[in-house]
Amino acid sequence: MILTKQTRHKLFCTLLASVLLYCPASRADDYSDARAELIAAYQQEKFPAMLLAARRAVALRPRLPGALFNLSLAKVLNHDFGGSLQTLETLADMGVDFGATELAEFEALKALNEWAAYEAKVVALFAPSGDAEVVATYAESKFVPEGIAVDGDGRLLIGSIHSGELVRLSATPEVLIEKGSGWSIFGMRFHADGSLWFASAAVPQLAGVGEDEGKTGLFRLDPSSGEITRASILPQYSESQVLGDLIIADHNTLYATDSLTGAIYRYYIDSNEFETLVQRGKLGSPQGLVLDASGKLLYVADYTSGLYRVAVNGGSMEKVPLPADVSDYGIDGLYRYGDELIVIQNGSRPHKVVALQLGNDGTEVVGSRLLAANLEAFDEPTLGVVHGDDFYFVANSHWNRFDRHNQLPEGLSGPVILRVPLN
């Protein structure tokens, strides 16, 4: 089957999005090998070989939505239309869509009797859902919010990827870190002593990033004075590193994820030292992280392969099992509310906020409930914060609006913060 240049480009972009996503560091494992073979076979239009590689990838990662989508694509390219649709239905049952209804290559499936039911499932996935209310906005259209925190007085703070600003939202917003005076601001958390710790990095999307690009670290802010009282730069283990989120374990210990190298670090405040808990390359693109009730384990969201439990003593990892109809793919923000993990998923469509219920021993997810999806304010939601019985989160990061030159279009909305009740 020969594809037009336009169709091949669109399909290849979808293919890459489904298997590479956040451009994480490559890992030398069997799944990565199968994925590379799949892409090479697709580019060369060797579709039987592509199908073999897709099946091997799914055997290695049975519940990975990106792998399932690639299998569906490989099947349709090999004229197995019924099998392709069945795989797409599996994804829809998991609440995931990669836009097959919009791709010309899946056109042949529309002649199948089952297509109408599948299409109805996809339409239902994109229905707005959730009892969320707008609690704060900020007028700066190119702010690109990521990190968010709530101080002891219930005031919201947000950080910017594009300008490097940190702003306390109120009737009259207060700029605590000025535009252009630092790096992109990612995850942030308040310490018990009242200081604000945040992860920061010089990423290409930072306006005027300059020679600092690739550097990252943890910073401590005194919110009352706006003074940075600690700047701890991660040693340059790799050309590009991004500490994207952090969690405070106790008065002296923080944990942070590096979304580009796959590492997890432990940081000691007293000695100002980083220690590697999970080696670089062990995970694809770790994002949010949170401690369990005992403080002995971290739940970590790998954007490309889902949820893991990581022992803080030694760094051993194990995958968190899930029910068949629950996906842990494309999780950005990760938080804990009692025996639930609150997750923001923006790695596949539709974007949503979900509460994952843990079993009694915390080793597996036993159920889920949808908190918000497809709301009008959504434009790639990213991070959030649990405050009491409410969850506050960034609804419109605009991360997806950067062009290939890392420029933003005009006419974007300013940051919108939503709140959903958790109880």
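The values are calculated or read from the model by the stated rules, or taken from the named source; none is laboratory data. Since we're looking at a predicted model, the values are computed, not measured. Neighbour counts run over all protein chains shown; Cβ positions are idealised from the backbone, glycine included.
In this structure, D131 does satisfy being of a type in the set (D, E), surrounded by fewer than 16 Cβ atoms within 10 Å (Cβ to Cβ), under 22 Å from A372 (Cα atoms) and touching a residue at least 12 places away in the same chain (Cβ under 8 Å). For T216, the criteria (1) over 17 Å from G159 (Cα atoms); (2) surrounded by 13 or more Cβ atoms within 10 Å (Cβ to Cβ) hold in every case but one, which is (1). Quick check on my filter: what residues within the stretch 87-111 are buried (at least 16 other Cβ atoms within 10 Å of the Cβ), aliphatic (A, V, I, L, M) and assigned to a helix (DSSP H, G or I)? The answer is L88, L91, A92, A100, L109. Within the set K75, K46, the sole residue that is of a type outside the set (A, V, I, L, M) and in contact with a Gly (Cβ under 8 Å, 6 or more places away or on another chain) turns out to be K75. Within the stretch 38-52, restricting attention to residues that are within 13 Å of N78 (Cα to Cα) and part of a helix (DSSP H, G or I), the residue that is farthest from the chain's Cα centre (by Cα) is P48. Within the stretch 193-227, the set of residues being in a loop (DSSP other than H, G, I, E, B), more than 24 Å from N406 (Cα to Cα) and free of Cβ contacts under 8 Å to residues at least 60 places away in the same chain comprises D193, G194, S195, S224, S225, G226.
Of all residues in the stretch 228-269, those satisfying the criterion of being among the hydrophobic types (A, V, I, L, M, F, W, C), part of a loop (DSSP other than H, G, I, E, B) and within 27 Å of E178 (Cβ to Cβ) are L234, V242, L260, I269.
Within the set S368, S397, S348, the sole residue that is surrounded by 17 or more Cβ atoms within 10 Å (Cβ to Cβ), touching a helix residue (DSSP H, G or I) at 6+ places or on another chain (Cβ under 7 Å) and hydroxyl-bearing (S, T, Y) turns out to be S348. Of all the listed residues (V300, V310, V343), the sole one being over 17 Å from the mean Cα position of the chain (by Cα), crowded, with 18+ Cβ neighbours inside 10 Å and in a strand (DSSP E or B) is V310. For the condition assigned to a loop (DSSP other than H, G, I, E, B) and surrounded by fewer than 21 Cβ atoms within 10 Å (Cβ to Cβ), L322 qualifies.
Looking across the stretch 23-37, the residues that are part of a helix (DSSP H, G or I) and either at pLDDT below 75 or farther than 19 Å from Q279 by Cα (or both) come down to D33, A34, R35, A36, E37.
Taking the residues in the stretch 284-297 that are part of a loop (DSSP other than H, G, I, E, B) and in contact (Cβ under 8 Å) with a residue 60 or more places away in the chain as candidates, determine which candidate is farthest from the chain's Cα centre (by Cα). So the residue we want is A293. Among the residues of the stretch 120-135, those identified as modelled with pLDDT of 95 or more and part of a strand (DSSP E or B) are E133, V134, V135.
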